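For reference, the structure discussed in these notes is given below.
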Amino acid sequence: MGRSPESIERRRAANREYHRAGRRKLTPEQKARRDQRSKEWAKAHPERVALRNKRYREAAKVDQHKYLTLKKGNFAKVGVQTSVVELNAMWERCAGRCEQCQRELLLQTDKKGNCAHFDHDHKTLQMRRVLCIRCNHAQSFVDSGLVVWRVAPSPG
């Protein structure tokens with residue numbers, strides 16, 4: 001027989017505490033030195049940085065059907081009627097980029113928050129397009145009539 005959930009949780013808590021206690025604390029000077037060395041290394045090895053970033057993006061990709069099924073469920077909770085097929089078509093249409101500013105997007109959030117937001121109209125409950133988080137927030141101001149899109153925001 002397996003362990004009880006309580007004993008598993010106790011073991012996990014003990015492991016977390018053990019690893020927290022064993023971590024070495026860095027002084028601000030040590031952190032600054034580490035960051036400087038890291039920047040110097042990145043400048044000296046741009047091809048390895050590019051390869052690391054490519055591997056990171058590949059690892060961050062999720063099972064698209066599973067993720068879009070989850071998103072469909074979230075939209076259904078607020079009354080938006082959509083299908084996985086429609087969400088998939090929107091994702092394919094945008095080619096992994098924000099449809100307003102062309103920033104590269106992932107289906108799952110990365111460290112910078114570059115996650116795809118499936119924009120929908122809160123009044124009509126219709127799906128509109130795929131946006132980055134910045135453009136999605138800006139769209140809420142456009143919807144309220146406070147601002148008007150003039151020029152696409154820069155992707156930087």
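Can you work out the FRET efficiency for the pair Val78 and Ala42, with r the C-beta to C-beta distance and R0 = 41 Å, to the nearest 0.05?
Numbers: r = 42 Å, r/R0 = 1.03.
With a Förster radius of 41 Å, E is 0.45.
Put +1 on the Cβ of every Lys and Arg and -1 on every Asp and Glu Cβ in region 1-58; which of His19, Gln30, Ala44 then has its Cα farthest towards the positive end of the dipole?
It is Ala44.
If one computes P(r) from the Cα atoms of the chain, what percent of pairs lie at distances over 26 Å? Can you show the working numbers first?
On the way: 6363 of 12090 pairs.
Here the long-distance tail beyond 26 Å is 53 percent of all Cα pairs in the chain.
Take the chain, connect every pair of alpha-carbon atoms lying under 10 Å apart with a spring to form a Gaussian network, then pick out the residue of Leu70, Leu87, Leu146 with the largest mean-square fluctuation.
Taking springs between Cα atoms under 10 Å, the residue moving most is Leu146.
Mean-square fluctuation check for the chain, GNM, Cα pairs under 10 Å: which of Ala95, Ala76, Ala44 is largest?
Ala44
In the chain, with Lys and Arg counted as +1 and Asp and Glu as -1 at Cβ, which of these residues, His120, Trp91, Pro5, has the Cα nearest the positive end of the dipole, that is, farthest along it?
Pro5
Suppose the chain between Asn53 and Glu6 were pulled fully straight at 0.36 nm per residue; how much longer would it get relative to their current alpha carbon spacing?
Numbers: separation 47, 0.36 × 47 = 16.92 nm, distance 3.94 nm.
That works out to 13.0 nm of additional length.
Mind running the shape call on region 64-144? Use the C-alpha gyration tensor, a ≥ b ≥ c as the square roots of the eigenvalues: rounded below 1.5 for a/c, prolate if a/b tops b/c, oblate otherwise.
Numbers: a/c = 1.61, a/b = 1.07, b/c = 1.52.
Taking the square roots of the gyration eigenvalues as a ≥ b ≥ c, region 64-144 is oblate.
Between Cys115 and Asp143, what's the calculated FRET efficiency when r is the beta-carbon distance and R0 is 22 Å? Round to 0.05.
Working: r = 20 Å, r/R0 = 0.91.
Calculated value: 0.65.
Relative contact order for the chain: what percent, with Cα pairs under 8 Å and sequence separation of 6 or more? Show your work: numbers first, answer last.
On the way: 116 pairs, mean separation 23.2, N = 156.
Relative CO of the chain lands at 15 percent.
Report, in degrees rounded to the nearest 10, the 0 to 90 angle that the Cα long axis of helix 84-94 makes with the longest principal axis of the chain.
It is inclined by approximately 90 degrees.
Every number here is computed from the coordinates shown, using simple stated rules; none is lab data. Quantities reported herein were computed from a predicted structural model and do not represent experimental measurements. Methodologically, a virtual Cβ is constructed for each residue, glycine included, from the backbone with ideal geometry; neighbour enumeration extends over all protein chains shown.
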